[in-house]
1. Would you please report the Å³ per residue occupied by the convex hull of the alpha carbon atoms in segment 1-135?
2. Around residue 8, with a cut-off of 13 angstrom between Cβ atoms, what is the net charge of the other residues, counting Lys and Arg +1 and Asp and Glu -1?
3. I'd like the distance between the alpha-carbon centres of segment 2-52 and segment 238-292, rounded to an integer number of Å.
4. First measure r as the distance between the Cβ atoms of residue 113 and residue 58, then evaluate 1/(1 + (r/R0)^6) with R0 = 25 Å and state the FRET efficiency to the nearest 0.05.
5. Averaged over every viewing direction, what's the projected area of the C-alpha convex hull for the chain? Give it in nm², one decimal, please.
6. Using Cα atoms only, what is the angle between the long axis of helix 295-310 and the major principal axis of the chain, expressed in degrees (0 to 90) to the nearest 10?
7. Specify the angular offset, from 0 to 90 degrees and rounded to the nearest 10, of the alpha carbon long axis of helix 329-344 from the longest principal axis of the alpha carbons in the chain.
8. Using a Gaussian network model of the chain whose springs link C-alpha atoms within less than 10 Å, name the residue from 128, 265, 282 with the highest mean-square fluctuation.
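All of the numbers you see were taken from the coordinates with simple rules; none came from a lab. Keep in mind the model is a prediction, meaning the values are calculated, not measured. In this analysis, Cβ positions are derived from the backbone assuming ideal geometry, glycine residues included, and neighbour counts consider all displayed protein chains.
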Amino acid sequence: MADLSVTVDGLKLPNPFIIGSGPPGTNANVIAKAFDEGWGAVIAKTISLDASKVINVTPRYARMRAGKDILGWQNIELISDRPFDTWIEEFKQVKNKYPGRVLIASIMEEYRKDAWVEIVERCQAAGVDAFELNFSCPHGLPERKMGAAMGQDPEILGEVCGWVNAAAKVPVWAKMTPNITHIEEPARAALKAGCEGLAAINTILCVMGVDLKTLRPEPTVEGYTTPGGYSCRAVRPIALRFVMECARLIRAEFPGRSLSGIGGVETGDDAAQFILLGANTVQVCTGVMINGYSLAKDLCNGLSAFMDKHNFKTIDDFRGHSLQYFTTHADLVQRQAAAKAAAAAPKPDGAITKDTQWQGDKFVEQTEKLVSNQ
Ligand SMILES: Cc1cc2nc3c(=O)[nH]c(=O)nc-3n(C[C@H](O)[C@H](O)[C@H](O)COP(=O)(O)O)c2cc1C
C-alpha cells in the first residue's frame, strides 16, 4: 500500500487531505470529528478579533444540480460569528486532546497592523500549528476592505503578510482569491513577504440563478440577494488552472515553498490531479458538506489505488509530474506539424510508409524492407 503521509513546512500529516476553512471546521466539536475520521489536518473556519461585526443571513446557500448530483454550490456565508475568546479556548481544547494532529487557524482582519499582530500572537499562544491568511472571501467582508478586497491588491497583501510573518513562529499560508486576472501577482507578493506557502482557491464570485416563478435571484433573503462564492465540482477545472499557475511560480521563483490545492475535490482521483499539478496538500470543504467526514477514508483509498496503479510509493514520487506537459499554443501547433511531418516521411531505413513512396527502380529493394523474417 502506498505511503500517503506528507511533511509540509515541517508539519507532519498522516495524509494530504485537509478540511478546508468553512462549516466543516466551525467549532471544537466538528474539528474533533474530523480528526477522529482520519483527516490529515484541519483548517478552522476563518476568525477575526471582533465577531460581533459578523452577521449571517438565512438562507445562505444555493445549489446547482444535474439530476441528483450536486455540481455547484453558492454561499453568502461570512467568516465565523463566534467570539474570538471562545475560539482561543477551543483551539487549546483541541490541541490538548489531539496534540499530534495539525490544527491550522484561518485568520482575517482589517488593514491594521496591531489587529493582525494580536490575532497571530493569541492564536499561536493557544497552540495552533500554522496559519492560513484569508485574503479571498469574495462577499460581505470586502465591504470592510477584508478578504478578497485585500487579496486583489498585491501591495497591501504583501504588507499584511510582512506583519504576520514578523509575528508568526509557525508556518503561514496565504489563501488566494480566484477573482483576479493574474494570480501570480498577489501570490508573488505573499511569498516575497515570507509566507511558507500558498493555498488556492477560495470561492469564485457568482450569481447562482434566478427563480423563474418569483423572478428573484437566489439565494433569496427577504426577496433580495447578493453575489456569493461558488464552490464544489463545477469549480475544479478553474481551481486546477490556478494551482498550476501557482506551482509554476513557486518552481520558477520560490523553490521549496508549499502549495495547498482547493476546489471541487470529492474523490482520490480529483486529489491526484491537484498533486500532479504541484500541490503538497489538498483541501476539501463543500465535499464534506455533501458527503460527511467519512469522506476522508474514500479519499485515502482512492488516492492510494491511483498510486498503486502507477507504482508511486510516496506523494513526492508524482507531485508536480504533469506540470512539464504545459506549453504555449504556438508550441502545440509546432509540435503537431512536426509529428505530422514525421509520420509522412520515409522511415530512416528507407522502408516505405505510404503507397506514394513506391518507386519502379527500387521496387524489389523496397519490398525486401517490408519483410519481417529477413
Ligand atoms: C459555506 C462555505 C463557507 C466557507 N467559509 C470559508 C471561510 O470562512 N474561510 C475561507 O477561507 N474559506 C471559506 N470557504 C471556502 C472554502 O474553504 C474553499 O476554498 C472553497 O469552497 C473551494 O473548495 P470546495 O469546492 O472544496 O468547497 C467557504 C466555503 C463554503 C462552501
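1. 144 Å³
2. -2
3. Value for the Cα centre distance between the two parts: 15 Å.
4. Calculated value: 0.10.
5. 25.2 nm²
6. 20 degrees
7. Helix 329-344 and the main axis of the chain meet at about 20 degrees.
8. Answer for the Gaussian network model of the chain: 128.
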